[in-house]
1. Under 9 Å between Cβ atoms, at least 6 apart or on separate chains: pull out the pairs that start in segment 30-55 with a residue that is farther than 16 Å from ARG69 by Cα and end on any residue that is loosely packed, with under 10 Cβ neighbours inside 10 Å and at pLDDT below 75.
2. So which pairs qualify, if the first residue must be in segment 64-89 and touching a residue at least 12 places away in the same chain (Cβ under 8 Å), the second must be surrounded by 11 or more Cβ atoms within 10 Å (Cβ to Cβ), the Cβ gap must be under 9 Å, and the two must be at least 6 apart or on different chains?
Amino acid sequence: MKIGPLEPKAAVVPVGGERSSAAAAPAKPQAAGQEESAKVELSATALAVTEGNADFDAEKVQRIAQAIRDGKYEVNADVIADKLIANARELLDRSSR
């Protein structure tokens with residue numbers, strides 16, 4: 001995974017936050033002991049980038065989303081840290097040229 005240039009950010013509604021839009025969906029009742037999940041919305045730019053992109057795997061995204069909903073998704077912090085360090089090194093190598 002490579003970190004590219006920053007694009008305009010999409011509107012993200014924090015947990016328990018309110019939307020200013022009149023079309024906001026009503027809050028869903030929660031089962032006892034169930035935590036409210038974060039709401040994430042992709043901008044039109046983010047969605048346009050994924051169209052026709054061979055690096056984007058919609059089925060994989062759906063599998064991961066389902067695993068998160070089921071509480072089965074596990075984050076491997078060591079792999080994430082290694083990739084972040086590798087990306088930082090790559091960016092530093094580019095900027096030192």
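The values are calculated or read from the model by the stated rules, or taken from the named source; none is laboratory data. Since the structure is predicted, the reported quantities are computational estimates derived from the model, not experimental observations. Cβ placement follows ideal geometry from the backbone for every residue including glycine, while neighbour counts extend to all protein chains displayed.
1. SER43/PRO8; SER43/LYS9; THR45/PRO8
2. ASN87/ILE3
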